Amino acid sequence: MANFVDKYCEFPTMLRRPMWRVWHNLLIRFDKDSTVNFMNYGYAPLNGDKPLELNAEDETDRYCIQLYHHVVNSVELENKRVIEVGSGRGGGASFISRYFKPLKYTGIDISANVIKFCNSFYRVPGLSFVEGRAEKIPMPDASCDAVVNVESARCYSNIKTFFNEVNRVLADKGNFLFADMIEKEEVDGIRGKLMECGFVIKSEKDITKNVALGLELDTRRREEQIERKIPGILKKSFASFAGTKGTARFDSFKNGKFEYRSFVLEKQ
Ligand SMILES: C[S@@+](CC[C@H](N)C(=O)[O-])C[C@H]1O[C@@H](n2cnc3c(N)ncnc32)[C@H](O)[C@@H]1O
């Protein structure tokens with residue numbers, strides 16, 4: 001099962017979609033106190049850069065929040081219409097809504113149950129969640145000023161269809177704020193597809209070391225959550241998914257198999 005979790009991107013789309021739904025249903029069932037609000041590997045500043053200032057209630061999710069902050073920080077989001085594709089358990093959507101004050105923030109995810117969870121759990125002005133697929137974003141043409149996408153696109157059935165959809169829903173000069181782990185030899189291909197789909201690259205960063213450090217610093221908290229909430233037989237699979245120390249995912253950031261890249265893009 002842990003092996004299955006590591007390799008799910010290699011499975012046919014037909015299996016990947018139900019897998020996400022099952023995974024969300026398991027999390028909803030086991031996370032009784034609703035403290036698992038992020039599903040990304042996190043980010044830590046290097047070389048003694050100043051850590052992000054956070055409200056006390058956000059401290060436990062510091063590393064996952066720092067990844068979102070890194071992705072959106074260089075763009076003005078105040079009073080803008082923002083959507084997030086692959087919003088998961090909604091922690092990033094809540095962080096951006098509270099700290100960056102967009103006019104409207106819509107989280108979109110493939111799992112109906114996680115959307116239900118997010119709509120009942122978060123009470124933030126302007127924030128809402130709708131079910132939808134990255135390959136057919138449920139928004140009208142040119143209706144968004146920014147699209148956020150964090151650690152979700154790697155396993156979409158067709159990433160170019162997704163990039164074209166982002167381009168369609170963005171208004172002129174709108175921003176696409178995109179970050180994911182990418183196999184080293186695929187980075188040039190992804191960059192090429194972004195440009196083919198009508199985006200200008202405003203910035204591109206290799207943040208692999210930041211993500212690896214974030215994961216290392218956050219491992220204890222992740223292990224503690226798994227220990228406390230997940231039944232024995234599933235612990236190893238959840239550890240693989242969470243990328244804690246000793247898993248193939250944790251090693252893949254250290255051994256160069258994957259790079260973690262962040263892009264700030266603008267619709268041409
Ligand atoms: C690794 S989680 C990341 C969630 C969130 N961005 C975060 O950082 O916490 C990936 C999310 O993408 C969603 N997802 C996967 N395939 C999708 C698709 N084709 N369309 C929309 N969402 C999708 C999954 O349901 C999951 O919630």
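Quick check on F258: is it at pLDDT below 95, within 20 Å of the chain's Cα centre (by Cα) and buried (at least 20 other Cβ atoms within 10 Å of the Cβ)?
Working: at pLDDT below 95: yes; within 20 Å of the chain's Cα centre (by Cα): yes; buried (at least 20 other Cβ atoms within 10 Å of the Cβ): yes.
Yes.
Name the residues in region 65-90 that are of a type in the set (A, V, I, L, M) and touching a Ser or Thr at 6+ places or on another chain (Cβ under 9 Å), would you?
So in region 65-90, the residues of a type in the set (A, V, I, L, M) come out as 65, 67, 71-72, 75, 77, 82-83, 85.
The answer is L67, V71, V82, I83, V85.
Only residues that are within 16 Å of the ligand (Cβ to nearest atom), assigned to a loop (DSSP other than H, G, I, E, B) and not hydrophobic (A, V, I, L, M, F, W, C): list them for region 29-54, please.
D31, S34, T35, N37, N40, Y41, G42, Y43
Across region 133-159, which residue is farthest from the chain's Cα centre (by Cα) among those that are near the ligand (Cβ under 10 Å from one of its atoms) and among the hydroxyl-bearing types (S, T, Y)?
S157
Let me confirm something: among E223, E151, which residue is acidic (D, E) and at negative phi? Let's see the steps before the verdict.
On the way: E151 fails: at negative phi.
Testing whether each residue is acidic (D, E) and at negative phi leaves just E223.
Scan N158, N167, N113, N149 and give me the residue that is of a type in the set (S, T, N, Q) and in contact with a helix residue (DSSP H, G or I) (Cβ under 6 Å, 6 or more places away or on another chain).
N113
Scan region 85-108 for residues that are near the ligand (Cβ under 10 Å from one of its atoms) and at positive phi and jot them down.
Once the filter is applied, which keeps residues that are near the ligand (Cβ under 10 Å from one of its atoms) and at positive phi, region 85-108 yields G86, G88, G90.
Out of L77, L67, which single residue is hydrophobic (A, V, I, L, M, F, W, C), away from the ligand (no atom under 14 Å from the Cβ), surrounded by 14 or more Cβ atoms within 10 Å (Cβ to Cβ) and at pLDDT 95 or above?
Details: L67 fails: away from the ligand (no atom under 14 Å from the Cβ).
Going through L77, L67 in turn, the sole match is L77.
If you scan region 111-128, which residues turn out to be within 14 Å of the ligand (Cβ to nearest atom) and either out of contact with any Asp or Glu (no Cβ under 7 Å at 6 or more places or on another chain) or without any contact (Cβ under 8 Å) to a residue 12 or more places away in the chain (or both)?
Correct list: S111, N113, V114, K116, F117, C118, F121, Y122.
When only residues in region 211-243 that are at pLDDT 95 or above and polar (S, T, N, Q) count, which is nearest to G192 (Cα to Cα)?
Only one residue tops the list, namely T219.
The values are calculated or read from the model by the stated rules, or taken from the named source; none is laboratory data. Keep in mind that what you see is a predicted model, and the values were worked out from it rather than measured. Counting neighbours? That spans all protein chains shown, and the Cβs are built from the backbone with ideal geometry, glycine included.
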